[in-house]
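Input: a single structure, listed below in structure tokens.
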Amino acid sequence: MNGPAGAHEPRRLAAAEHGLCRSDVDADALHLVEQLRSAGYQGLLVGGCVRDLLLGFTPKDFDVATDATPEEVKRLFRRSRMVGRRFRITHVRYGRNIIEVSTFRKAEAEAQDERRHADSGLILRDNVWGTLEEDAFRRDFTINALYYDPETEEIVDYVGGLDDLENRRLRFIGHADVRLREDPVRILRAIRFVAKLGFALDAAIEAAIPETAEHLAAIPPARLFDEVCKLFLCGSAEAAWEFLSATPLRRALFPCTPPEDLLVRLAMRNTDNRIAVEKPVTPGFLLAVILWQDYLARYADFQADHKPAEARSSAAAATLGFQHEIIAIPRRFSQFIRDVWSLQDRLERRQPRSIPRVYEHVRFRAAYDFLALRADAGEALQEAVDWWTRFQECDRGEQEDMLEALRGQKPAGEGGTRRRRRRRRTRPKQDQADGNG
Ligand code: ATP
Ligand code: MG
């Protein structure tokens, strides 16, 4: 199976031998394959969906492989668009469902060889396309290179993936160090599959980790963001984080995160639990947790010669700016992170004057969850968490009572008379807003 494509007959399993039913396959994906077939092309399901169905999991998405070029796919399906810079693939849309269609292609190395050997130096783009067999060998792991043919209901295996599925083993097609040098991001995919499937990592992959960790520095930060999100949102983030932390990969990706950070571990567990019951999750929350210690350290430094609000904002900018060089965090998430961080202080202090604004903040709920997580990790915040929990459960009148009680509690020195006067001034406005709300 290590030999080049073109030298092997695939193993074929008939329907009765593999237990994958056509009815398990997404109806849109089946329709798409049928359309390809009736236009004279090949079409097979491949990758994670075949792997997951054979293992009895529900696939996250359905990928289709075909000998039609992206342009041909585009022409065939009106609701489709070509995506990807490194690899052009086509997204075909069925309502909210998107099926990813990729054209059979050769391994990068072989395609490059052909380019190098082309006399004119002119590269025909078609050179990268290949046969079904070549397509199997260019894929990353053996368990990801299984094809399901919905017409014959056969599984087609060129690379020994069925054996590896049975033995619960994650192995690269070809040599691990070569495949990781070609694309170091594959190590993050490896961790995702090992964490999610509970498979054993091939020793050759393990041995290549230190060198691969160094090579991650050459990966565009935007791609790393995508891969890291997939890793954290795969439903087994805690296991994945544990793995990262036990290798130089954690340091390569998050140099400022301490190796043992209970808060991170709890957040990963929490995310896994939410995914298990199909509650929404956001990578912003996890990144806020992962970078929290670094933010606090920088905040402490800035506080020496800045006002608190300035120190907070500068610390957030410094932490996010540093991390951005490695993993590009899109603006909507970095803003989320800043908000969650800056709300922590206000949630802790519970100044009656600022509570309505904090409570109405679009990130209140995430910030409250963050506070609760910090309490779970051992910070002395349980009282504040309980207060906010109660506050959310109360009706307006009871909330007002809670605020009044807080006002009574506040030591006179803390706010001073200036604040009290200011509050009286803003009060009519507040009442008006309440009335309209
Ligand atoms: P998931 O369950 O996350 O969708 P997947 O294996 O389907 O897992 P995708 O990112 O959807 O992962 O990729 C589809 C398929 O494309 C993979 O199964 C694999 O065969 C191939 N592939 C993806 N990324 C790479 C890569 N970096 N190198 C080689 N092959 C890859
Ligand atoms: Mg997939």
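The values are calculated or read from the model by the stated rules, or taken from the named source; none is laboratory data. Because the structure is a prediction, the values reported are computed rather than measured. We place every Cβ from the backbone using ideal geometry, glycine too, and count neighbours over all the protein chains shown. Just the protein is used for accessible areas: all its heavy atoms, side chains included, with ligands, DNA and RNA removed. Shrake-Rupley method; radii C 1.70, N 1.55, O 1.52, S 1.80 Å.
Looking only at residues of the range 26-38 that are open to solvent by 50 Å² or more (accessible area, probe 1.4 Å) and small (Gly, Ala, Ser), we find that the one that is nearest to ligand 1 (Cβ to nearest atom) is Ala27.
Does the range 278-292 hold any residues that are part of a helix (DSSP H, G or I) and farther than 8 Å from Ile337 by Cβ, and which are they?
Passing the criteria: Pro283, Phe285, Leu286, Val289, Ile290, Trp292.
Taking every residue in the range 60-77 that is within 14 Å of Asn97 (Cα to Cα) and pairing it with any residue that is within 16 Å of ligand 2 (Cβ to nearest atom) and acidic (Asp, Glu), at least 6 positions away or on another chain, the pairs with Cβ-Cβ distances below 8 Å are Lys60/Asp52; Asp61/Glu100; Phe62/Asp26; Phe62/Asp28; Phe62/Glu100; Asp63/Glu100; Val64/Glu100. In the range 99-113, the condition of being among the aliphatic types (A, V, I, L, M), at pLDDT below 95 and crowded, with 17+ Cβ neighbours inside 10 Å is met by at least one residue. Are any of the residues in the range 169-179 surrounded by fewer than 14 Cβ atoms within 10 Å (Cβ to Cβ) and outside the structural domain of Val50 (by TED's automatic domain parsing)? Within the range 169-179 (the criterion being surrounded by fewer than 14 Cβ atoms within 10 Å (Cβ to Cβ) and outside the structural domain of Val50 (by TED's automatic domain parsing)), the answer is yes, since at least one residue qualifies.
Table: residues versus (1) of a type in the set (D, E, K, R); (2) more than 16 Å from ligand 1 (Cβ to nearest atom).
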site	(1), (2)
Arg169	yes, no
Ala176	no, no
Arg181	yes, no
Arg192	yes, no
Lys196	yes, no
Arg223	yes, no
Leu231	no, no
Asp261	yes, yes
Arg269	yes, yes
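Return the residue satisfying two criteria in turn: it lies in the range 208-218 and is open to solvent by less than 30 Å² (accessible area, probe 1.4 Å) and assigned to a helix (DSSP H, G or I), and of such residues it is nearest to Arg168 (Cα to Cα). Checking each candidate, the answer is Ile209. Against the numbered list (1) within 12 Å of ligand 1 (Cβ to nearest atom); (2) assigned to a helix (DSSP H, G or I); (3) over 22 Å from Pro330 (Cα atoms); (4) hydrophobic (A, V, I, L, M, F, W, C), Leu188 comes up short only at (3).
Of all residues in the range 233-262, those that are on the phi > 0 side of the Ramachandran plot have Cβ atoms under 9 Å from Cβ atoms of residues that are surrounded by 19 or more Cβ atoms within 10 Å (Cβ to Cβ) and not in a loop (DSSP other than H, G, I, E, B), 6 or more apart or on another chain, in Gly235/Ala195; Gly235/Lys196; Gly235/Thr271; Gly235/Asp272. Taking first residues from the range 363-389 that are in contact (Cβ under 8 Å) with a residue 12 or more places away in the chain and partners that are outside any helix (DSSP H, G or I) and among the hydrophobic types (A, V, I, L, M, F, W, C), the Cβ contacts under 7 Å between residues at least 6 apart in sequence or on separate chains come to Leu371/Leu381; Arg374/Leu381.
Can you tell me how many residues in the range 53-76 are surrounded by fewer than 19 Cβ atoms within 10 Å (Cβ to Cβ) and either within 16 Å of ligand 1 (Cβ to nearest atom) or part of a loop (DSSP other than H, G, I, E, B) (or both)?
Here the count works out to 8.
A Cβ distance below 8 Å, combined with a sequence gap of six or more or placement on separate chains, defines the contacts here; from the range 265-281, residues that are farther than 24 Å from Gly378 by Cα reach residues that are assigned to a helix (DSSP H, G or I) and basic (Lys, Arg) in the pairs Pro280/Arg274. Under the condition of being closer than 18 Å to Leu44 by Cα, among the charged types (D, E, K, R) and under 25 Å from the mean Cα position of the chain (by Cα), the residues counted in the range 133-181 number 3.
The residues of the range 301-310 that are part of a loop (DSSP other than H, G, I, E, B) and among the small types (Gly, Ala, Ser) amount to a single one, Ala304. Only a single criterion out of (1) part of a helix (DSSP H, G or I); (2) at pLDDT below 95 is not satisfied by Ile205, namely (2).
This table checks each residue for (1) out of contact with any helix residue (DSSP H, G or I) (no Cβ under 9 Å at 6 or more places or on another chain); (2) open to solvent by less than 60 Å² (accessible area, probe 1.4 Å); (3) part of a loop (DSSP other than H, G, I, E, B).
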| position | (1), (2), (3) |
| --- | --- |
| Tyr299 | no, yes, no |
| Arg312 | no, yes, no |
| Thr319 | no, yes, no |
| Phe336 | no, yes, no |
| Arg346 | no, no, no |
| Leu371 | no, yes, no |
| Gly378 | no, no, yes |
